[in-house]
Every structure is written in C-alpha cells, then in structure tokens.
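Read the structure below first, then the notes.
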Amino acid sequence: MDRTERLLDLVALFLDAREPISWAELREHFPEDYRGISDDAAERKFERDKAELLELGFPLTYIQGDDERRDGYVVNRDAYYLPEVDLTKEELAVLYAAGSAALTSGAFPGRDDLSHALRKIGFFAGDALPTPGVRMELGAEQDGPRLAAHLEQLWGACATRKWVQMSYRSPKRPDLTERRVDPYGLALRRGIWTLVGYCHLRQGVRTFHVHRIHALKPNTARPRTPDFDVPAGFSSDDYVASYPWQHRFHPRLEARLRLTGELAGRAATLFPGAQVTPAAEGGGMLVTLGVTFLDGLLRFCMQLGPECHVEGPEEGRQGMKDMATRILQKHAPRSEVAA
C-alpha cells in the first residue's frame with residue numbers, strides 16, 4: 001500500500017472508531033505496513049505517518065486508559081469538525097450571489113475552493129437560488145491573467161506560511177525593487193488587492209498592491225514546513241485602508257465634522273466607526289474620527305457638498321478653503337482668471 005492510500009485509510013479508521021485504537025489493533029488493520037517489519041521499524045513508520053496527519057490538521061492524540069476506557073489513539077472530534085452553520089434561504093442567496101460575483105471577476109484567490117463551496121450551497125438550497133447577474137469589477141488598470149496567477153500563488157503562500165520573492169514597483173518610485181516577504185494575508189478594498197506581510201528589505205510589516213508585483217516566486221523548499229509565524233492578533237484591517245482618510249501618510253490626528261440636512265441622518269453610514277453625536281451648535285450631527293491622511297478626508301468631504309462642514313483641526317478647515325479656491329479658479333471663465 002502506498003503512503004497516500006495508507007494515510008487515507010488511517011483517517012477513515014480513526015473517524016469510524018468509537019473507542020481508542022491501540023497500537024496492536026493498528027498493526028492488525030495494516031499487516032502489510034506495520035507487521036511485516038521489526039517492531040522498531042513499524043513504530044518509526046507509524047510515527048512518520050502520525051506526524052504527517054498532524055501536519056495536515058488531523059487532531060490525533062494518544063490517551064491513557066482508565067476504568068471507563070482503554071489506552072489508545074483517538075481523534076478530537078470537536079477540533080476536527082467545523083460547527084454546523086444554520087443560514088436562512090435569504091442569507092444563502094446573498095452568500096451565493098457574492099461568491100458568484102467574485103468567481104466571475106477572473107482574479108480571485110482560492111477559486112477552486114470557492115467553486116466547491118458554491119456547489120455545496122446550491123445543493124442544500126435547491127431551487128431557492130436564482131442565477132446571479134452580477135460581476136465584481138477589480139479595476140481596469142490591473143493585468144487580469146497575471147493578477148489572477150499572482151493571487152493564487154499568494155493564496156497558497158499565505159496558507160502554508162512560505163515566504164515569497166517578488167519584483168515590486170512602488171507608487172513612490174519608478175524602479176523595481178526585489179523584496180523577500182513573509183505573506184500574512186490578502187485584502188480586497190475598493191477593487192484593489194493588497195498583500196500584507198513582513199518585508200525583509202524594510203525590516204517591518206508593509207503593504208503591497210498585488211497588481212504592482214511584476215514577478216513572483218514562492219519558496220518551494222520544505223513545502224510542509226512553515227517559514228514564519230503570523231503575529232498573534234494580526235488583522236489586515238490595521239494595515240489596509242477601507243476609506244481614503246485611513247491611508248497612513250502622516251501621524252494620526254483627530255478630525256471633527258458637522259453634517260447637516262440629509263447628511264445628518266447618514267453620518268454613521270458615511271463614516272463607519274466614527275463617534276457621532278448631536279451638534280451643540282448649528283444643528284446636525286458632529287462626527288469625530290481618527291485620520292492618517294487628511295487630504296483624503298477633505299476630498300471625500302468636498303464630494304458630499306455644502307452639508308458637510310470641517311470643524312477641525314485648523315489645518316483641515318484651511319485645507320477645505322484652499323481646495324475650494326483651486327476648484328473655483330480651475331473652472332472660472334478665462335476672463336476672470338486673467339483679471
């Protein structure tokens with residue numbers, strides 16, 4: 001029996017067992033593998049098989065028996081099986097539509113896993129799921145085939161915790177730089193895929209737009225051995241901006257906005273996570289939020305129109321005035337500009 005077949009048979013045996021399986025019983029079940037050789041060789045062979053099962057996430061342990069059960073190997077079923085997810089038909093429909101939109105985008109990591117999950121959802125939902133007519137757009141500037149290939153490679157590297165070597169063009173400089181990166185995770189924000197990981201060149205955690213990666217090669221040495229550990233408590237949300245004012249271009253400062261009119265009722269939606277309170281003066285709602293890219297916030301506020309007022313900091317108030325002045329000058333008639 002080859003090793004892959006033996007491992008599958010071991011998994012099936014342990015999952016079917018209702019009692020711990022002793023070493024003697026294992027040798028009885030696998031006479032060709034564990035009985036036709038010396039005791040020491042058989043034990044070493046099983047230890048290698050057990051190590052591979054553990055590496056694959058199969059929670060096999062050995063327990064000492066007591067008055068109620070005997071010694072042997074058992075599977076921690078609570079750690080092996082995922083809890084059952086009980087979703088309504090409406091929730092399944094939303095999940096199916098989102099997954100289908102991502103799948104048809106042409107560049108989404110884990111496409112095979114996603115396709116398998118959608119087939120399962122479709123099987124359990126029956127005829128309750130309409131065919132979605134939506135597609136996720138990932139930005140016209142991105143190279144579709146190359147982006148898709150890089151996403152798949154990074155998806156695998158993140159899952160197996162293997163470092164990657166890449167040629168990267170930063171938006172801050174035109175030349176390519178060679179980077180060795182420990183990939184912690186991928187994030188999709190506003191159609192842009194971002195890799196978050198430890199950059200050995202910069203000696204710190206950095207973010208990389210995947211469409212700016214020109215060449216990528218994951219480390220293939222010792223494929224079953226992780227190259228790094230992801231820091232405890234890591235979250236891509238701490239590094240990848242969801243909104244323009246969250247880009248980390250300067251130290252964090254506190255901004256205060258006052259929304260009036262129709263915008264007042266939308267304050268919490270327009271600025272998620274911000275502190276929203278009734279304004280003491282002038283009516284409307286006062287929004288307080290942390291900002292690490294003030295210009296990004298000001299541009300967003302300018303789009304909202306005159307019902308969005310920047311109350312602070314002072315550099316923000318002045319920035320809005322300067323921005324409005326530049327817009328007026330750009331669109332003013334030529335005669336007024338000349339005067």
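A few comments on the model shown:
- Taking every C-alpha pair closer than 8 Å and separated by at least 6 residues, the mean separation divided by the residue count of the stretch 188-339 gives a relative contact order of 19 percent.
- Dividing the mean sequence gap of close Cα pairs (under 8 Å, 6+ apart) by how many residues the stretch 161-225 holds gives a relative contact order of 35 percent.
- Placing R0 at 56 angstrom, the Cβ-Cβ distance between Ala215 and Asp67 gives a FRET efficiency of 0.35 after rounding to 0.05.
- Å³ per residue enclosed by the Cα convex hull of the stretch 28-102: 175 Å³
- Added length on full extension, which subtracts the Cα-Cα distance from 0.36 nm per residue, Ser22 to Arg248: 75.6 nm
- At full extension, Thr160 and Leu201 could sit 12.6 nm farther apart than now, given 0.36 nm per residue minus the alpha carbon distance.
- Largest-first ellipsoid semi-axes for the stretch 1-61, taking √(5λ) over the Cα gyration tensor eigenvalues, angstrom: 17, 14, 11
- By average C-beta atoms within 10 angstrom, highest first, the peptides 300-311, 109-120: 300-311, 109-120
- Evaluated at q = 0.15 Å⁻¹, the base-10 log of the normalised Debye intensity for the stretch 244-331, with identical point scatterers placed on the Cα atoms, takes the values -0.52.
- Residues of type lysines that Lys50 reaches as a straight line, Cα spacing below 23 Å, ignoring anything fewer than 8 places off in the same chain: Lys162
- Burial order of peptide ranges 19-25, 207-213 (average beta-carbon count within 10 Å, highest first): 207-213, 19-25
- Partners of Lys217 within straight-line reach, counting aspartates and glutamates whose Cα lies under 15 Å from its Cα and excluding those fewer than 8 residues away in the same chain: Glu152, Glu178, Asp182, Asp227.
- Gln318/Thr88 FRET efficiency (R0 51 Å; Cβ-Cβ; nearest 0.05): 0.50
- Loop-resident chymotrypsin sites (Phe, Trp or Tyr not before Pro) (DSSP state other than H, G, I, E or B) in the stretch 43-89 with no more than 12 further Cβ atoms inside 10 Å of their Cβ: Tyr81.
- In the stretch 170-242, the ratio of gyration radius to Kirkwood radius, Rg to Rh, stands at 0.96 when only Cα atoms are counted.
- Unit charges at the beta carbon, dipole of the chain: most positive-side option, Gly36, Val230, His116: Val230
- Computed over the stretch 66-110, the quotient of the alpha carbon radius of gyration and 2.2 N^0.38 Å is 2.13.
- Based on the Stokes-Einstein relation at 37 °C and a viscosity of 0.692 mPa s, and on the Kirkwood radius from alpha carbon pairs, the chain is assigned a translational diffusion coefficient of 128 µm²/s.
- Relative contact order %, the chain, counting alpha carbon pairs below 8 Å whose residues are six or more apart: 9 percent
- Rg to Rh, two decimals, where the stretch 134-279 supplies the alpha carbon set and Rh follows Kirkwood: 1.05
Every number here is computed from the coordinates shown, using simple stated rules; none is lab data. It should be emphasised that the depicted structure is a prediction, and the values quoted were computed from it without experimental measurement. Reconstructed Cβ throughout: ideal geometry from the backbone, glycine too, with neighbour counts over all protein chains shown.
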